[in-house]
């Protein structure tokens, strides 16, 4: 069987419930949100360890802040990773499931890797206040395991793009790999492009940290100014380094793609240029440019997520595979329920984030009784529960 025929035979015979473009857009958006937190976890985990080993007061305080933030950001990154994973399974199921089976032991193991990484990160956060030097080992172990999880996801995602090698990986001469104990593909520039970005985004996170806590009267403004300056330098330096790694990755792509002439790539170039300008300006006053840096960096990540999807389509296109030819069996009911749940969830999460944001910026109790989002969140949650109960009753009857 030829590879194109194989890929189409592996698709879900029931098709997909809505138009593929919608799933692609959702995939790009949710992956961008997911990778932002992944990057801050990688960079923040490293910074918590590095700063802990320094002896001055500022670094000790920064280590404590990052140790706490890593536990939160890792949780958010895992939760946000569910959505792009599901959207990938919907429209790229022949690629994703086959790659998972080829490295099944690693994909099952990544769950325990992340659980252990979180446990070590939390231990480091709880014990770091003791100041004992050996406590840093918990942070080191956590960082190593986080990197291992990144390697696994990179490898599985990359080998999914190479159907032409699947049979060779599965069958070695006369033997068959039934254990899924190998990671078959690794591309260094592609991996580094994601990892170097971690320190750029972590620098932006530090700038936001300085901006956010500046309003509190119980925070040391000299310390916050130092955090902001350090973050601004990190963001600029690692962004330039990431651009160099990006060129390396670009040169390593198949020449037949002509990716450097792709219109999406050309649209992404000025986005990076704007980010560089903002980061250069931020060196003079990091706190003033913190929000501008966060917005432009977020737009840049979204652009990179879009380019990642374009590149995946080019890899799949070598085997005459296009998501737009996937059989569509429209299901308006399930789609409407999904969108309604998304709106409801957005309101509730928006309310929680608003509460957290306001409470964190003040050292004194604040009044949230006038916050309208609270009322809307309660009503929407009640409506959603009633709808779900109603659907269950109808199906059961």
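The values are calculated or read from the model by the stated rules, or taken from the named source; none is laboratory data. Note that this is a predicted model, so its numbers are computed, not measured. Cβ sites come from the backbone with ideal geometry, for glycine too, and all protein chains shown count toward neighbours.
Key figures for this structure:
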{"read-out": "Boolean, residue 184 is buried (at least 18 other Cβ atoms within 10 Å of the Cβ) and modelled with pLDDT of 95 or more", "value": "no"}
{"read-out": "Residue 393 being within 27 Å of residue 333 (Cα to Cα) and more than 31 Å from the chain's Cα centre (by Cα)", "value": "yes"}
{"read-out": "Check on residue 368, closer than 30 Å to residue 227 by Cβ and modelled with pLDDT under 80", "value": "yes"}
{"read-out": "Failed item in (1) out of contact with any helix residue (DSSP H, G or I) (no Cβ under 8 Å at 6 or more places or on another chain); (2) assigned by TED's automatic domain parsing to the domain that holds residue 190; (3) surrounded by 13 or more Cβ atoms within 10 Å (Cβ to Cβ), with residue 338 passing the rest", "value": "(2)"}
{"read-out": "Any hit, region 68-80, residues being in contact (Cβ under 8 Å) with a residue 60 or more places away in the chain and over 17 Å from residue 231 (Cβ atoms)", "value": "yes"}
{"read-out": "Single residue of 48, 103, 99 found to be touching a helix residue (DSSP H, G or I) at 6+ places or on another chain (Cβ under 9 Å), crowded, with 16+ Cβ neighbours inside 10 Å and under 30 Å from residue 132 (Cβ atoms)", "value": "48"}
{"read-out": "Residues satisfying the stated conditions in region 320-330, i.e. under 16 Å from residue 87 (Cα atoms) and either modelled with pLDDT under 90 or surrounded by 15 or more Cβ atoms within 10 Å (Cβ to Cβ) (or both)", "value": "323, 326"}
{"read-out": "Filter pass, residue 343 being more than 21 Å from residue 16 (Cβ to Cβ), assigned to a helix (DSSP H, G or I) and touching a helix residue (DSSP H, G or I) at 6+ places or on another chain (Cβ under 8 Å)", "value": "yes"}
{"read-out": "Qualifying position, being closer than 30 Å to residue 250 by Cα and either modelled with pLDDT of 90 or more or surrounded by fewer than 16 Cβ atoms within 10 Å (Cβ to Cβ) (or both), among 161, 114, 178", "value": "161"}
{"read-out": "Test: residue in region 29-42 that is within 18 Å of residue 127 (Cβ to Cβ), at pLDDT 95 or above and either out of contact with any strand residue (DSSP E or B) (no Cβ under 7 Å at 6 or more places or on another chain) or crowded, with 20+ Cβ neighbours inside 10 Å (or both)", "value": "no"}
{"read-out": "Some residue of region 133-144 being surrounded by fewer than 19 Cβ atoms within 10 Å (Cβ to Cβ) and within 23 Å of residue 103 (Cα to Cα)", "value": "yes"}
{"read-out": "Residues located in region 164-175, provided they are under 30 Å from residue 248 (Cα atoms) and free of Cβ contacts under 8 Å to residues at least 24 places away in the same chain", "value": "165, 167, 168"}
{"read-out": "Qualifying residue in region 18-34 (condition: in a loop (DSSP other than H, G, I, E, B), more than 28 Å from the chain's Cα centre (by Cα) and either assigned by TED's automatic domain parsing to the domain that holds residue 93 or more than 28 Å from residue 303 (Cα to Cα) (or both))", "value": "no"}
{"read-out": "Residues that are in contact (Cβ under 8 Å) with a residue 40 or more places away in the chain and either assigned to a helix (DSSP H, G or I) or within 15 Å of the chain's Cα centre (by Cα) (or both), drawn from region 177-195", "value": "189, 190, 191, 192, 193, 194, 195"}
